[in-house]
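See structure below.
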């Protein structure tokens, strides 16, 4: 299996603009294009590598295959995920004094308005309401299937968030598919069209679809702010 990153002379975490720039340099400035006298076989390989790495979905599938082949080459079973380090015990934070994501102090006290956000990381500061479980063991608020793209942050500061997808959600939390491995007990910041939240990872599992391995995580809201005051998720009238 050819390493397309080596073909284009870029690192595996290279952003799209670096991949595009390296491709143009190889084909034009370094003369690999057949019209410039380059070898047709090499040009075809460069084109093949660029076609995969410039497409987000094909690149994700290729990365999963490359990871699997690396495990096989080392004699390690590739179908099982690498053991993840145990999450460090999270310090108990005081919502009335500090942001639960970046831990920056604030002066809002215990009376925090619904739309109040941290002045450092812009995370919501309003505590999420906890809906208890029914005596029968069923959820007090059923989860609703809501397919939606989400951006999540695993630490602060983090210049760019990771992309994930919500599978379902309730007023207590949600289940999401993450491209990065998450650890139980970890706090993350979530941004979507419907809400912004700081949440804690309560459980996670791995699913493999073809060559792609997915991290599916269940998270519980700690702080929460809805994009709309009514109608965005659920409305009640008393």
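Any residue at all in segment 46-61 that is touching a strand residue (DSSP E or B) at 6+ places or on another chain (Cβ under 8 Å) and at pLDDT 85 or above?
yes
Can you name every residue in segment 147-183 that is loosely packed, with under 15 Cβ neighbours inside 10 Å, farther than 19 Å from residue 207 by Cβ and either more than 13 Å from the chain's Cα centre (by Cα) or not assigned by TED's automatic domain parsing to the domain that holds residue 124 (or both)?
Within segment 147-183, 157, 159 qualify.
Checking residue 170 against (1) within 18 Å of residue 226 (Cα to Cα); (2) modelled with pLDDT of 85 or more: exactly one of these is not met. Which one?
Looking at each condition in turn, residue 170 falls short on (2).
Just name the residue that is nearest to residue 151 (Cα to Cα) out of those in segment 108-119 that are in contact with a strand residue (DSSP E or B) (Cβ under 9 Å, 6 or more places away or on another chain) and in a loop (DSSP other than H, G, I, E, B).
118
Which one of these is under 22 Å from residue 124 (Cβ atoms), out of contact with any helix residue (DSSP H, G or I) (no Cβ under 6 Å at 6 or more places or on another chain) and modelled with pLDDT under 75: 91, 74?
91
Can you go through 126, 101 and tell me which one is closer than 20 Å to residue 217 by Cα, over 12 Å from the mean Cα position of the chain (by Cα) and either at pLDDT 80 or above or crowded, with 19+ Cβ neighbours inside 10 Å (or both)?
On inspection, the qualifying residue turns out to be 101.
Among the residues of segment 184-203, are any assigned by TED's automatic domain parsing to the domain that holds residue 152, under 13 Å from the mean Cα position of the chain (by Cα), in a strand (DSSP E or B) and modelled with pLDDT under 85?
No.
The values are calculated or read from the model by the stated rules, or taken from the named source; none is laboratory data. Predicted model only: the values in this text are computed from it and were never measured. Glycine gets a Cβ as well: all are built from the backbone with ideal geometry, and neighbour counts include every protein chain shown.
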